């Protein structure tokens, strides 16, 4: 299992500047600190923003050896085309200490952002009879906040239980999207495209990032969306495996 969180700061920075974790109902954040939850292993990182020139993750456990520098960035606040700059640690996660404070820092102009994916261990790919279904939200969301919305499936799912094994989302000003399954818990997610022509990032599709979660056909997940401005015309594609037929 894994979950997605973000950091953001709207400021000019000539030295490494701590970003603030984006307000989040499923983890503990305070000031510049994100408290490491039960999922305590970093499996992916991404820095985007206003011309970033350095980015780093800091925590007491990382400091025992070296703090983790993020070696690549997207120089604008658009995640479209993020394929080559996501730091992929699915096979060799950075292990943190639970309940310690995790900080994200950048040097940037105007805005700095870091996305961090935490998991309970290395990510194991999933294969099977994977099918993709399109969903919409029919809603506009505000800037710089996770906003939870209902998903509307464009097809009727046959009765059964489904595993989500991939996702892609795009929309005007959209940065990231994550799923919220009935009953709460972790919020697995992906960075999003700002244009409909963005095909999604292969590491988040078709089982490559493992299991996002499971749901009953009549209790689908909702979605958290995060944008740089007011977002609109969102479309979400879920990669599914039917793991049980009928009720």
Checklist entry - Counting only residues that are more than 18 Å from the chain's Cα centre (by Cα) and buried (at least 18 other Cβ atoms within 10 Å of the Cβ), how many does segment 33-53 have? => result 2
Checklist entry - Can you find even one residue in segment 114-121 that is in contact (Cβ under 8 Å) with a residue 40 or more places away in the chain and more than 16 Å from the chain's Cα centre (by Cα)? => result yes
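Results for (1) in contact with a strand residue (DSSP E or B) (Cβ under 7 Å, 6 or more places away or on another chain); (2) outside any strand (DSSP E or B), shown as yes or no for each residue.
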{"residue": "61", "(1), (2)": "no, yes"}
{"residue": "92", "(1), (2)": "no, yes"}
{"residue": "103", "(1), (2)": "yes, no"}
{"residue": "113", "(1), (2)": "yes, no"}
{"residue": "116", "(1), (2)": "yes, no"}
{"residue": "122", "(1), (2)": "no, yes"}
{"residue": "126", "(1), (2)": "yes, yes"}
{"residue": "133", "(1), (2)": "yes, no"}
Next on the checklist: Looking only at residues that are free of Cβ contacts under 8 Å to residues at least 40 places away in the same chain and buried (at least 20 other Cβ atoms within 10 Å of the Cβ) in segment 165-210, which one is farthest from the chain's Cα centre (by Cα)?
Outcome noted: 200
Checklist entry - Quick one: residue 67 ticks every box in (1) under 23 Å from residue 90 (Cβ atoms); (2) touching a strand residue (DSSP E or B) at 6+ places or on another chain (Cβ under 7 Å); (3) in contact (Cβ under 8 Å) with a residue 24 or more places away in the chain bar one, so which box is it? => result (3)
Checklist entry - Which one of 96, 102 is buried (at least 21 other Cβ atoms within 10 Å of the Cβ) and in contact with a helix residue (DSSP H, G or I) (Cβ under 6 Å, 6 or more places away or on another chain)? => result 96
Item to check | Condition met for residue 25 (in a loop (DSSP other than H, G, I, E, B), in contact with a strand residue (DSSP E or B) (Cβ under 9 Å, 6 or more places away or on another chain), over 30 Å from residue 165 (Cβ atoms) and outside the structural domain of residue 172 (by TED's automatic domain parsing)) | outcome: no
Next on the checklist: From the list 78, 87, exactly one residue is surrounded by 14 or more Cβ atoms within 10 Å (Cβ to Cβ), farther than 22 Å from residue 234 by Cα, under 15 Å from the mean Cα position of the chain (by Cα) and not assigned by TED's automatic domain parsing to the domain that holds residue 176. Which is it?
Outcome noted: 87
Checklist entry - Quick one: which strands (runs of 3 or more DSSP E) sit completely within segment 171-247 and have at least 2 residues that are at pLDDT below 95 and in contact with a strand residue (DSSP E or B) (Cβ under 7 Å, 6 or more places away or on another chain)? => result 222-245
Checklist outcome for this item: Note on segment 97-116: residues more than 11 Å from residue 20 (Cα to Cα) and modelled with pLDDT of 95 or more are 97, 98, 99, 100, 101, 115, 116
Checklist outcome for this item: Exactly one of 149, 102, 145 is assigned by TED's automatic domain parsing to the domain that holds residue 38 and within 19 Å of the chain's Cα centre (by Cα), and that one is 102
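The values are calculated or read from the model by the stated rules, or taken from the named source; none is laboratory data. Predicted model, so just to flag it, every value in this text is computed and none were measured. A quick note on method: Cβ atoms are made from the backbone with ideal geometry, for glycine too, and the neighbour counts reach across all protein chains shown.
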